[in-house]
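Chemist: Got a structure for you, written out below as structure tokens; questions coming shortly.
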Amino acid sequence: MRVVKGLNVSKVAQRAEPVGRHYIAGQWETGSGEEVLEITSPSTGAALGAIALGTQDDARRAVDAANASRSALAGMSIWERSALCMAIAERIEARADELAEIICAEQGKPIGEARGEAGGAAVAFRNAGEQIKWLESASFPVEDGAKRAMSMLQPKGTLGIITPWNFPVALPSIYYLGPAIATGNAFVWVPAPTTSLCAVKLMECIIEAGVPEGCANLVLGEGPVVGDALVTHAQVHGICFTGSSEVGEIIARRGAGKAQLLELGGNGPSIVFADADIERAAERIVAGAVGNAGQICTATERVLAHADIHDALVDRIVAHARKVAPSLSTEAGCVLGALNNADNAAKVDSHLAEAVAGGARILTGGGRAKGLPTDLYYAPTVIVDVPPQSALHCEETFGPVVPVLKFSSVEELDRLCAMSPMGLSAAVFTRDVGNAFRQAEKLRCGIVNINEMSSYWEMHIPAGGAAGTTSGHGRTGGRHTLREMSDLKTITFHIGD
């Protein structure tokens, strides 16, 4: 095998035997590839192990296994699949401490957030198991008195599931894996390479719970290799993906003709009007920026403040930001942990540098934190006078950064909002109920939170990008995901004259 370095590794060490393996057709294996990716913790810099990188052949074998076995899961009654989801939740809860530790170590988030993520994964499977039991179809009135018409929900077949590194256990469970099992779909799961060890632990819980052999498959590897093999495979009936808008566009093209559930990048505005509760707005904005070190699709990405309260709001945002300091992710009191990988940290650097070159001013933070085990810890950053055309305003930064821009009129606000092509979530801070509704209805976003941070969400609430934006299509969340993963079939009966 050949060793390749991970995104968090500065040099290649002596080859480590893979501890992260694929799960294909009911068996753990190292796959057919010759490359091993070594994983180093963004939190501590410690070597965590290695994964065997999969090949397109591995992905194709996994799809074949899923298709050969999918009738076993689809043929289970809804109550049986519900019980299976509950059993998976129990396995996750039994191993919650173990899961939290690997999430913290491999993803980089604070241990407290990692514990919450492990708990959230268990809740996700429980929710899917409950909600599928109460997901109703319908009967339809018809003109012909000799006919009856009804609908039913059926599994789509085999799903290709590709997930990111920012929530490596909870996001797959909430958005895709729990709903896939509940609706009777076999799947092949390709997680982000840098959090593959997390994925292996979660897959162990799924297998331990008794999912029918071949119906759940895990292939570790790089998106352009194993992910693309899923997207283009003729026997993959639906594609589920969470990640960047750029990759999502490629997947949408490559997987044309398949059912697609895509949750992509976000850069929704947090709008603060002159009548807002400034203290609450500032506190919620900062909370939305530092949660998971800003590595959330719905995080605070840009703040649009009315000119009358701009300076006062900025003062309060800076005060709240300075209360948060990066600290070792494994420490119990950590609030702001490490970024996951060097590429993402470099993007934060680049967005800030471009904005400053265009005249922006950094009021606090602005760079990597010192004195910690790796250089992936980023200081909370507040920056003003941001050029509207800059990447910091128009693109997804994915770091603990609060860019603040000023508006004086509704027309100017509308122009600023429209400068980003993304439309996932937004926040509006105002005491005027009428204005709140007008803005919520006008904003091209899948979610608009009033007087709350843009990243607020509960897992049964529908979420997804607005039509005409680059934030994806389809809806995740509770019964909405279950419907996205099901085919609605209509059946008519001739009962006689």
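Chemist: Could you run through the range 468-497 and say how many residues are among the acidic types (Asp, Glu) and assigned to a strand (DSSP E or B)?
Modeler: So the answer is 1.
Chemist: How many residues are part of a loop (DSSP other than H, G, I, E, B) and among the β-branched types (Val, Ile, Thr) when one looks only at the range 133-181?
Modeler: Final tally of qualifying residues: 3.
Chemist: Looking only at residues in the range 211-225 that are of a type in the set (A, V, I, L, M) and more than 19 Å from the chain's Cα centre (by Cα), which one is farthest from TRP28 (Cα to Cα)?
Modeler: Applying the filter and picking the extreme gives VAL225.
Chemist: For residues that are assigned to a loop (DSSP other than H, G, I, E, B) and surrounded by fewer than 23 Cβ atoms within 10 Å (Cβ to Cβ), scanning just the range 182-210, find the one that is nearest to the chain's Cα centre (by Cα).
Modeler: If we take residues in the range 182-210 being assigned to a loop (DSSP other than H, G, I, E, B) and surrounded by fewer than 23 Cβ atoms within 10 Å (Cβ to Cβ), then ALA209 is nearest to the chain's Cα centre (by Cα).
Chemist: Identify all residues within the range 153-176 that are touching a strand residue (DSSP E or B) at 6+ places or on another chain (Cβ under 7 Å), closer than 16 Å to GLN131 by Cα and of a type in the set (A, V, I, L, M); write none if there are none.
Modeler: Matches in the range 153-176: LEU153 only.
Chemist: Let me ask something additional. Among the residues of the range 65-87, is any outside any strand (DSSP E or B) and on the phi > 0 side of the Ramachandran plot?
Modeler: No - not one qualifying residue is present in the range 65-87.
Chemist: Considering each residue of the range 253-270, count those that are within 17 Å of PRO421 (Cα to Cα) and either at pLDDT 95 or above or surrounded by fewer than 16 Cβ atoms within 10 Å (Cβ to Cβ) (or both), and give that number.
Modeler: Of the residues in that region, 8 qualify.
Chemist: What number goes with the only condition from (1) in a loop (DSSP other than H, G, I, E, B); (2) surrounded by 18 or more Cβ atoms within 10 Å (Cβ to Cβ); (3) not hydroxyl-bearing (Ser, Thr, Tyr) that ALA355 does not pass?
Modeler: (1)
Conditions tested, residue by residue: (1) buried (at least 24 other Cβ atoms within 10 Å of the Cβ); (2) more than 18 Å from LEU372 (Cβ to Cβ); (3) of a type outside the set (A, V, I, L, M, F, W, C).
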{"residue": "ALA287", "(1), (2), (3)": "no, yes, no"}
{"residue": "GLY294", "(1), (2), (3)": "yes, no, yes"}
{"residue": "HIS306", "(1), (2), (3)": "no, yes, yes"}
{"residue": "VAL314", "(1), (2), (3)": "no, yes, no"}
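Chemist: Which condition does THR364 not pass, out of (1) in contact (Cβ under 8 Å) with a residue 12 or more places away in the chain; (2) closer than 16 Å to GLN295 by Cα, if it passes all the others?
Modeler: Evaluating THR364 over (1) in contact (Cβ under 8 Å) with a residue 12 or more places away in the chain; (2) closer than 16 Å to GLN295 by Cα leaves (2) as the failure.
Chemist: In the range 100-156, how many are touching a Phe, Trp or Tyr at 6+ places or on another chain (Cβ under 9 Å) and polar (S, T, N, Q)?
Modeler: Residues meeting the conditions: 2.
The values are calculated or read from the model by the stated rules, or taken from the named source; none is laboratory data. All values reported here derive from a predicted model rather than from experimental measurement. So basically every Cβ, Gly included, is an ideal-geometry build from the backbone, and we count neighbours across all protein chains shown.
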